[in-house]
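S.K.: One structure coming up, written as structure tokens, with questions to follow.
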Amino acid sequence: MKSKIFKPSPIIAILMYLVIFVFFSSFITMGIGFIWVMNGQINMKEMLDYFSLSEVSNEVKSIGDKAYTIGNFITYLLLFITITFYLRDKLKEDISKSKNWLFVIWIVVGSIAFYYINDGVGYLADKLTNTTSDNQELIISMIFTNPVLTFMSVGILAPVVEELIYRKAIFEIFKTRPVIAFIVSVLIFALPHMLSTSTTILNWCILFAAYATSGLLLAVSYYFSKKNIYVPIVLHMVSNIVAFIFIYGGF
């Protein structure tokens, strides 16, 4: 039984992702938040108000952002360790696909194209809706709360975890049905970024379309690079790191 549980498996990788991301992440973040409650810097009601996205004071928001930033880093670190373990065979296989000039071309051209298309679509979505997703607002708060942990979470860990799940695992499961793989890959990439966003239906759909475009571009880069997972990982990393620099630098 143990040998089967610890064998590489895209299905187990997805299940572990769901367990950690959906269930454990909230407990981790709230547990860290309660440290401030125990220290008397904030009371239980204020902390619960923060996590329920209610209106809170700037002081409570500052403490809540610290707890969320640390919790987010721990969550993605656990996901990184777990997902790379269960997809270690695929990571090893794809290394051989990265030792040629085609990989370099994909990275250079793909990074430039992905950034500008992604940025253009995001800019258009912001102008049409005059708002941003809650996910984007949280990331901005995290950057100014703890830039080091946020850089590690958003710039390094998240791209690896998300591409391994949304691209590698999904396309492995739907290996003989690429169209379905594309659809599922795009949908499950966009939805987690939009679940907490509360706005009008039209604005939600526009913001969702922006994230879906990003997911589609990353899926295309993966599929047409002979399913080399390192291509979308690097494209995702470059895009997130550039965005981080622009936000933190105030450009």
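Table: residues versus (1) crowded, with 19+ Cβ neighbours inside 10 Å; (2) polar (S, T, N, Q).
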| residue | (1), (2) |
| --- | --- |
| ILE156 | no, no |
| LEU187 | no, no |
| SER198 | no, yes |
| LEU202 | no, no |
| ASN228 | yes, yes |
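Residues checked against (1) among the charged types (D, E, K, R); (2) touching a strand residue (DSSP E or B) at 6+ places or on another chain (Cβ under 6 Å); (3) within 22 Å of ILE201 (Cα to Cα):
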| site | (1), (2), (3) |
| --- | --- |
| ILE107 | no, no, no |
| ALA113 | no, no, no |
| GLY122 | no, no, yes |
| LYS127 | yes, no, yes |
| ALA169 | no, no, no |
| ILE180 | no, no, no |
| ILE183 | no, no, yes |
| LEU187 | no, no, yes |
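S.K.: Right, something else. Out of segment 1-43, which residues are loosely packed, with under 11 Cβ neighbours inside 10 Å and over 27 Å from the mean Cα position of the chain (by Cα)?
M.R.: MET1, LYS2, SER3, LYS4, MET38, ASN39, GLY40, listed by residue number.
S.K.: Quick check, is THR213 in contact (Cβ under 8 Å) with a residue 24 or more places away in the chain, farther than 29 Å from LYS99 by Cβ, out of contact with any Gly (no Cβ under 8 Å at 6 or more places or on another chain) and assigned to a helix (DSSP H, G or I)?
M.R.: Yes.
S.K.: On the given criteria, is TYR68 surrounded by 18 or more Cβ atoms within 10 Å (Cβ to Cβ) and closer than 24 Å to ALA210 by Cβ?
M.R.: yes
S.K.: Examine segment 136-159 for a residue that is closer than 19 Å to ALA13 by Cα and β-branched (Val, Ile, Thr), and state whether such a residue exists.
M.R.: yes
S.K.: Does segment 40-58 contain any residue that is closer than 25 Å to PHE246 by Cβ and not acidic (Asp, Glu)?
M.R.: yes
S.K.: Is there a residue being of a type in the set (A, V, I, L, M, F, W, C) and under 19 Å from TYR166 (Cα atoms) anywhere in segment 46-60?
M.R.: There is no residue in segment 46-60 that is of a type in the set (A, V, I, L, M, F, W, C) and under 19 Å from TYR166 (Cα atoms).
S.K.: Then there is this: Of the numbered conditions (1) outside any helix (DSSP H, G or I); (2) closer than 21 Å to LEU18 by Cα, SER198 satisfies every one except a single condition; which is it?
M.R.: Exception for SER198: condition (2).
A short reminder: the numbers here are calculations on the coordinates, not readings from a lab. These numbers were taken from a predicted model, which means no experiment stands behind them. Counting neighbours? That spans all protein chains shown, and the Cβs are built from the backbone with ideal geometry, glycine included.
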